[in-house]
Each structure stands twice: as C-alpha cells, then as structure tokens.
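One structure is given here, and the rest of the page talks about it.
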Amino acid sequence: MAAPAMADGPRLSLEGGESFLGGYFTWSDGTPAVFAEAVFDAHAVDGSSFTWAPDITAGWIDGRDNISRFRYTRYTTRDHVWMLAGGVRLQYGAPDAWCRRLFFSFQPTLHTGRTQGLSTSYEFTSTLGWQGEHWMLGLRHSSNGFLHMPNRGENMLLVGVSF
C-alpha cells in the first residue's frame, strides 16, 4: 500500500554541530557548523511507500586556521562559508513505521568562500539522518562532485531541534 501524502505544513529545524574537512579527518581540525532547515509537505511517489518533500537549507561553516599545511595554498581553510541549498528529502515507509524517521536528502548548493573543502561557488549536499518529533540527527556531506579540484568536501555531524 502506498504511503499517503503528508499535510503537516513545513517542519523547521535549527541544527548545529561540527564540520570536518574531507580527506583530512582529525577531531582537532573540526569547526562549528550551524544550519536552519525547512522541510515542506511530503508527497507520495506513485504506487510505492516512498515519499519526497521539498527541502531548503541555509547555513554557515566557520573557517579554520589551524591546518598549517594549507595556510599558503590557493585554497586555504580560513574562509567562513555561508550556504543556501534547495532540493528534496526522501523517506520510506508508512507514516507510523519505525523506518519512516530515516531520511536522505539531496540539494544543489550555492555558497560564499573558497576553501580546500568547498572550492567552487556551487556544491552538492547530501544528508543521511533521523528525524524525531522534536529533534534530528544527521550526517551531511557537501562537495562539488569532482567538477573542480580540490574536491575534499566538508563532512558534518549535526544535531537539531525541530518544531
């Protein structure tokens, strides 16, 4: 049986956590990341238990000056990055199924700054997460998909409050 379309109105989340430079992961090189996200009404995918929902995210990743090997390269790690993304959130299962809280989102992303992790003005952001009633937990990755080098990306562990 197909999952019905949801009509709850937009769900807003304020998310914060730590971002790590892809390919150079150490806990000491993390930097703060903060996001606001709006997920709109879900729509059933014909004849399946999958749903999709429009998803808009705005956020900020702090710069870091503690990675000395990139200090004098063309793309450093010092820029503070503001991001704006829009795409879809996918979920599977009946509205009351345990697996329904799991989600995957994909968003083309525009941003400011140029760093070792985000070296173009556009990136692709994907998030694998768990959405509770009033909180969320997510693993987010942003990179340019090898369209420009360097392509290290940013990997984020985020916790959010939803309302």
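The values are calculated or read from the model by the stated rules, or taken from the named source; none is laboratory data. These numbers were taken from a predicted model, which means no experiment stands behind them. As a convention, Cβ positions derive from the backbone with ideal geometry for all residues, glycine included, and neighbour counts pool all protein chains shown. For accessibility, only protein heavy atoms count, side chains too; no ligands or nucleic acids. Shrake-Rupley method; radii C 1.70, N 1.55, O 1.52, S 1.80 Å.
Observations
- Search result, residues across region 107-124 that are hydroxyl-bearing (Ser, Thr, Tyr), touching an Asp or Glu at 6+ places or on another chain (Cβ under 9 Å) and open to solvent by less than 20 Å² (accessible area, probe 1.4 Å): Thr109, Thr115
- Residue list for region 25-64, restricted to those being in a loop (DSSP other than H, G, I, E, B) and surrounded by fewer than 18 Cβ atoms within 10 Å (Cβ to Cβ): Phe25, Thr26, Phe40, Asp41, Val45, Asp46, Gly47, Ser48, Ser49, Asp62, Gly63
- Screening the candidates Gly160, Gly145, Gly117 for the property of being assigned to a loop (DSSP other than H, G, I, E, B) and either more than 18 Å from Pro32 (Cβ to Cβ) or at pLDDT 95 or above (or both) yields one hit, Gly145.
Residues checked against (1) over 13 Å from the mean Cα position of the chain (by Cα); (2) of a type outside the set (A, V, I, L, M, F, W, C); (3) within 18 Å of Thr127 (Cα to Cα):
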residue	(1), (2), (3)
Pro32	yes, yes, yes
Val39	no, no, yes
Ala44	yes, no, no
Phe70	yes, no, no
Thr77	yes, yes, no
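- Residues that are under 28 Å from Pro32 (Cβ atoms) and either more than 19 Å from the chain's Cα centre (by Cα) or in a strand (DSSP E or B) (or both), drawn from region 92-105: Leu102, Phe103, Phe104, Ser105
- All positions within region 1-17 that are under 22 Å from Phe163 (Cα atoms) and either of a type in the set (A, V, I, L, M, F, W, C) or at pLDDT 65 or above (or both): Ala5, Met6, Ala7, Gly9, Pro10, Arg11, Leu12, Ser13, Leu14, Glu15, Gly16, Gly17
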